[in-house]
């Protein structure tokens with residue numbers, strides 16, 4: 001008999017190896033964020049064509065040394081990648097595939113740890129779910145970013161591991177799974193300030209479901225929740241420069257909200273701005289004449305507008321919030337962000353890999369430039385997921401329903417952050433939302449399969465029961 005767990009892992013590893021290691025190497029082009037991570041290691045791309053091409057070779061150059069004010073778990077993941085590179089590099093340059101191996105190993109760890117959760121399912125159901133997981137999470141949209149230095153990657157990978165360890169703890173109640181769940185939650189929060197808010201959902205889950213967890217004593221869950229909340233707040237306040245939040249605020253305000261406004265002066269006033277900011281309308285924060293290159297302008301702008309004030313504006317103007325969300329989801333539905341190949345391959349600029357891209361292509365077809373379709377599909381899936389969890393509540397372990405509720409809540413939060421808090425690179429910034437969306441898809445598929453299995457079992461039991469005279473009458 002085939003060991004399904006090993007086949008599952010081998011298939012995932014083969015897909016990753018084919019895309020990340022075998023030439024032409026697939027990756028995700030830099031949008032300008034890579035130096036925030038690699039600058040402190042003196043690494044510089046040989047070509048560096050932003051958005052257009054992937055650089056598979058990086059040079060060690062002391063004149064490019066830069067220690068940014070950004071802090072991320074991705075910086076820590078660079079150390080094993082540099083060690084691997086020291087073993088295999090022939091020319092003293094850094095091969096992008098080394099960070100791909102580190103990221104890929106974390107993904108395969110999640111696959112290996114997830115597989116036993118389906119061990120008690122019927123073989124056809126287990127193989128079907130394995131195939132579906134590979135179809136979704138080995139899609140090019142997820143795999144190409146493993147060969148990159150984006151700070152979103154550790155958030156994505158440790159999100160997968162956090163979910164897997166939560167399910168394992170619910171299933172078997174092991175102390176080790178509980179401890180690793182807490183560790184992975186902290187690592188996920190430490191990846192990037194944008195995703196640190198996920199820590200609040202995990203902390204809420206630890207507090208709300210603590211009475212149902214037997215792997216650790218209740219007080220340890222409360223302590224973990226308090227520490228995770230503190231870590232999230234620390235990341236939000238210290239993981240990036242104080243004025244960095246002004247850039248996405250500027251983009252969404254002057255590129256999306258105000259150009260759609262019928263009364264610009266009134267909208268400016270509601271946002272806490274005055275008529276002197278009219279010249280910014282239609283510009284991006286990184287353009288030369290936006291004003292954001294001036295420190296005094298940035299400081300004044302941040303004093304007038306913050307994400308808290310933007311949230312209040314959206315609450316007061318739900319129609320505007322709805323339109324901005326639809327615009328963001330229309331772009332998020334693109335799925336594929338930037339170029340995937342090195343310039344040396346000879347491919348045109350912004351060429352995307354076509355290998356293992358069927359799932360993202362399907363979503364691209366239905367959701368790209370169709371924000372309303374994306375939104376209502378997500379709402380329908382969330383409602384279906386909640387309904388299926390309620391119907392299957394007796395069969396699922398205690399804590400599954402609360403976990404599902406937090407999954408839905410975190411998905412809504414990430415959708416709002418990605419679509420309503422910036423107007424640049426929305427497809428890439430939606431990585432965590434897309435991962436959570438697909439998680440809900442897989443959870444619905446699993447619960448539907450469970451309902452089908454129950455129906456088949458009950459039907460067979462009824463068919464095997466002898467028909468008595470009383471029942472015929």
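Read-outs throughout are calculated quantities, based only on the coordinates presented, and are distinct from any laboratory measurement. Just so it is clear, the model here is predicted, and its values are computed rather than measured. Neighbour counts run over all protein chains shown; Cβ positions are idealised from the backbone, glycine included.
Assorted remarks:
- Calculated mean residue ellipticity, 222 nm, the chain: -19500 deg cm²/dmol, from DSSP H runs (n ≥ 4) at -39500 (n - 2.57) each, averaged per residue and rounded to 500.
- Ellipsoid semi-axes in whole angstrom, largest first, where each is sqrt(5λ) of the Cα gyration tensor of the range 1-147: 34, 14, 14
- Kirkwood hydrodynamic radius computed over the range 238-278 comes to 11.1 Å, based on all pairs of distinct alpha carbons.
- Summarising the overall dimensions of the chain from its C-alpha atoms, the Rg and Dmax are 24.1, 93 angstrom.
- Which of 262, 275, 36 has the fewest Cβ neighbours within 10 Å, and the rest in rising order: 262, 275, 36
- Helix 152-172 axis versus longest C-alpha principal axis of the chain: approximately 20°, rounded to the nearest ten.
- Rg over Rh [alpha-carbon atoms, Kirkwood Rh] for the range 278-374: 1.10
- Angle between the chain longest axis and helix 307-316 axis [Cα atoms, degrees, rounded to 10]: 70
- Projected over every direction and averaged, the convex hull enclosing the alpha-carbon atoms of the range 172-263 yields 8.1 nm².
- If the chain linking residue 319 and residue 463 were pulled fully straight, counting 0.36 nm for each residue of separation and taking away their Cα-Cα distance, it would gain 46.3 nm.
- Classification of the range 247-335 by its C-alpha gyration tensor yields an oblate form. The axis ratio a/c (a ≥ b ≥ c) is 1.5 or more, and b/c is at least a/b.
- Listed by Cβ neighbour count within 10 Å, with the fewest neighbours leading, 289, 65, 370 appear as 289, 65, 370.
- Cα-based shape type of the range 103-258, given that a ≥ b ≥ c are square roots of the gyration tensor eigenvalues and the cut on a/c is 1.5: oblate
- Residue 223-residue 384 FRET efficiency (beta carbon distance; Förster radius 45 Å; 0.05 resolution): 0.80
- On Cα atoms only, tilt of 371-391 relative to the major axis of the chain in degrees: 30
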